[in-house]
Amino acid sequence: GENVEQHPSTLSVQEGDSAVIKCTYSDSASNYFPWYKQELGKRPQLIIDIRSNVGEKKDQRIAVTLNKTAKHFSLHITETQPEDSAVYFCAATPSNTDKLIFGTGTRLQVFP
Amino acid sequence: NAGVTQTPKFQVLKTGQSMTLQCAQDMNHEYMSWYRQDPGMGLRLIHYSVGAGITDQGEVPNGYNVSRSTTEDFPLRLLSAAPSQTSVYFCASRKGARNEQFFGPGTRLTVL
């Protein structure tokens with residue numbers, strides 16, 4: 001089955017800097033890759049997603065890139081702000097199943 | 001729309017007791033899933049369903065049962081609670097396999 005690995009587990013950046021979180025997946029049939037943000041004590045919420053027929057997607061300060069050959073995808077946050085502090089999860093869905101499998105999460109701290 | 005709702009918010013059980021975590025959604029979503037969240041382990045899929053009458057196992061199904069008699073409801077049953085089942089449980093739903101997944105507020109379960 002699908003296995004999703006996420007790095008780093010914690011990330012600290014200065015406000016205004018960029019943050020990058022990386023994930024790798026094992027099943028080459030995976031074709032949907034969402035990213036979720038979970039603030040302390042809250043439920044996870046979708047922030048951006050990408051499908052396997054697209055290499056990059058951007059939404060304001062957030063972008064996701066996908067390398068299907070290497071089986072990895074990354075979340076890029078530019079001009080970080082304190083409100084970006086949260087736990088971020090990547091996930092993947094293989095095309096031949098309906099399971100959405102998550103990585104282990106990255107705790108991002110943005111210091112003012 | 002209430003979205004995805006879960007009851008109870010908090011629960012304390014003794015080892016060996018059984019209980020049902022309730023989950024309901026009013027968005028007419030076909031896909032529903034249960035995850036558990038433990039520190040450092042991310043969100044692990046317990047069971048999922050792609051429609052009424054259809055359920056399947058996720059990554060960590062042992063000790064849990066599910067059923068899906070209606071589109072709206074997807075209860076999770078703990079048959080004989082164990083301390084290893086102490087966790088935060090999230091129910092989630094989505095329209096299709098590659099659509100945004102919406103999470104419920106979570107149930108914090110402690111097994112003594």
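The values are calculated or read from the model by the stated rules, or taken from the named source; none is laboratory data. In this text the structure is predicted, and so the values were computed from the model without any measurement. Here the Cβ is made from the backbone with ideal geometry for all residues, glycine too, and neighbour counts use every protein chain on show.
Please verify whether B:Val50 is in contact with a strand residue (DSSP E or B) (Cβ under 8 Å, 6 or more places away or on another chain), among the β-branched types (Val, Ile, Thr) and either on the phi > 0 side of the Ramachandran plot or within 11 Å of chain A (Cβ to nearest Cβ) (or both), treating the condition exactly as stated. When the stated conditions are applied, B:Val50 passes them.
Residues in the range A:49-60 that are assigned to a loop (DSSP other than H, G, I, E, B) and exposed (fewer than 14 other Cβ atoms within 10 Å of the Cβ): A:Asn53, A:Val54, A:Gly55, A:Gln60.
Residues are listed down the side, and each one gets a yes or a no for (1) aliphatic (A, V, I, L, M); (2) in contact with a Ser or Thr (Cβ under 9 Å, 6 or more places away or on another chain); (3) over 17 Å from B:Val111 (Cα atoms):
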| residue | (1), (2), (3) |
| --- | --- |
| B:Gly3 | no, yes, yes |
| B:Thr20 | no, no, no |
| B:Met32 | yes, yes, yes |
| B:Ser49 | no, yes, yes |
| B:Pro61 | no, no, yes |
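The residue of the range A:11-36 that is surrounded by the most Cβ atoms within 10 Å (Cβ to Cβ), among those that are farther than 18 Å from A:Phe111 by Cα and charged (D, E, K, R), is A:Asp27. When the range A:73-103 is filtered for residues that are in a loop (DSSP other than H, G, I, E, B) and touching a Cys at 6+ places or on another chain (Cβ under 9 Å), only A:Gly103 remains. When we screen A:Val110, A:Val20, A:Val64 for residues that are assigned to a strand (DSSP E or B), on the phi < 0 side of the Ramachandran plot, among the β-branched types (Val, Ile, Thr) and touching a helix residue (DSSP H, G or I) at 6+ places or on another chain (Cβ under 8 Å), the only hit is A:Val110.
For the range B:1-73, which strands (runs of 3 or more DSSP E) that fit wholly inside it have 1 or more residues that are among the hydroxyl-bearing types (Ser, Thr, Tyr)?
Working: elements: B:4-7, B:10-13, B:19-25, B:31-38, B:42-51, B:54-57, B:64-66.
Fully inside the range B:1-73 and qualifying: B:4-7, B:19-25, B:31-38, B:42-51, B:54-57, B:64-66.
Selection within the range A:23-48: residues that are part of a strand (DSSP E or B) and at pLDDT below 95. The member of this set that is nearest to the other protein chains (Cβ to nearest Cβ) is A:Tyr32. Considering the range B:63-101, and only residues there that are among the β-branched types (Val, Ile, Thr) and touching a residue at least 40 places away in the same chain (Cβ under 8 Å), the residue that is nearest to A:Thr97 (Cα to Cα) turns out to be B:Thr71.
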